[in-house]
Amino acid sequence: MLVGYIKLYKKIFSSSFFRNNHFSEREAFIWMLTHAYFQEHNGNYGDKKQFSLTLQRGEFVGGLDFLSKVFQNGDKQPYWNISKVRRYLKKLQKANMIRTKSDKGINIVSIENYDTYQFSLNGSDKEVTQKRQGSDNIRKKIKKLKNINNNNSDFELLWKRLVIKRGNKIDCEKAYSLSKDKISDEDIITKYNEYASQVLEKSEPKFVAHLSSWLNNPDKYWNAKIEVNVQSLRNKYDLSETAYKYFGFINNQFVFLFDDRGMHYYYKYDLEGNEVKGLDKPIKY
């Protein structure tokens, strides 16, 4: 019997190597695992991105209509219908594999025992494949973060809320003191944790920059201006060149065309890199 774990690349579902065939129930659940957030995430959701939500580790936004379009169902029936998606989610809930909830009308799916499938925030693949100690460590860490002693200094409070503590603590505190008038504590925590988690998803903890270096190099890290272009949008939204053809820059928007067996869908993004809702066909002059 096969046991143990492997690391699965999250872009497997956008790879041009694999055909866009129908999803089995197993593939649908793997898709959920790859799209659940690795750590707490703040974002805007809704048709016009009018709702600000905070998703926890192991959660993702997935309405019935959206999932029915994701879980393709062969050539004769392009998608799972909504009834099939609803039955499938209920089946997963009954098996205690997921939980669902609604926040501001947005459907949120939470993977049960997410730490069993994913390594810890500051762990490694070796830890995951051996004794699965990461999940216990994560639960202890989250509990510890929620019970921070309010009498500690500002830096101590910030230090305890980092997903990984890299660098000499004294040097980090000095860099923090010099940066206090340039970046807020909440921005340091949010941006450094996001940066560190992205590195940890692909590499080992040793490749995460020390907090002191991260603070002392704003142009490289927390204050870096990201140029929005076709390639940066492909990287951000997993738009493979094979599946998503660049349609053009129309009305100050980058437009990509997704051809699903003759059905055309247009994905639009503004100059700040935000997705513009509404998949109506744009006018190309």
For the stretch 247-276, how many residues meet the condition of being free of Cβ contacts under 8 Å to residues at least 60 places away in the same chain, closer than 19 Å to residue 72 by Cβ and in contact with a strand residue (DSSP E or B) (Cβ under 9 Å, 6 or more places away or on another chain)?
8
Residue pairs meeting the criteria (Cβ under 9 Å; at least 6 apart or on separate chains; first in contact (Cβ under 8 Å) with a residue 40 or more places away in the chain, in the stretch 57-69; second of a type in the set (Asp, Glu) and assigned to a helix (DSSP H, G or I))
57/115; 58/115
Is it true that some residue in the stretch 219-239 is β-branched (Val, Ile, Thr) and part of a loop (DSSP other than H, G, I, E, B)?
yes
Residue list for the stretch 21-56, restricted to those being part of a loop (DSSP other than H, G, I, E, B) and without any contact (Cβ under 8 Å) to a residue 12 or more places away in the chain:
24, 50
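Would you check which residues across the stretch 161-203 are assigned to a helix (DSSP H, G or I) and either assigned by TED's automatic domain parsing to the domain that holds residue 39 or loosely packed, with under 14 Cβ neighbours inside 10 Å (or both) and list them? Before the answer, list the steps.
Initially, the stretch 161-203 is screened for residues assigned to a helix (DSSP H, G or I), giving 169-179, 185-202.
If the condition is that a residue be assigned to a helix (DSSP H, G or I) and either assigned by TED's automatic domain parsing to the domain that holds residue 39 or loosely packed, with under 14 Cβ neighbours inside 10 Å (or both), then 169, 170, 177, 178, 186, 187, 198, 202 are the ones that fit.
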With the requirement that a residue be at pLDDT 90 or above and in contact with a Pro (Cβ under 7 Å, 6 or more places away or on another chain), what does the stretch 251-267 give you?
255
Working carefully through the options 184, 240, 213, 179, find the one that is polar (S, T, N, Q), at pLDDT 85 or above and touching a Gly at 6+ places or on another chain (Cβ under 8 Å).
213
Taking the stretch 1-16 and keeping residues at pLDDT 70 or above and among the hydrophobic types (A, V, I, L, M, F, W, C) leaves 6, 8, 12, 13
Subset of the stretch 90-104, residues polar (S, T, N, Q) and either assigned to a loop (DSSP other than H, G, I, E, B) or in contact with a Lys or Arg (Cβ under 6 Å, 6 or more places away or on another chain) (or both), comes to 96
Can you tell me which residue in the stretch 224-248 is farthest from residue 192 (Cα to Cα), limited to those that are surrounded by fewer than 13 Cβ atoms within 10 Å (Cβ to Cβ) and of a type in the set (A, V, I, L, M, F, W, C)?
226
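The values are calculated or read from the model by the stated rules, or taken from the named source; none is laboratory data. Small disclaimer: the values here were computed from a predicted structure and weren't measured. We place every Cβ from the backbone using ideal geometry, glycine too, and count neighbours over all the protein chains shown.
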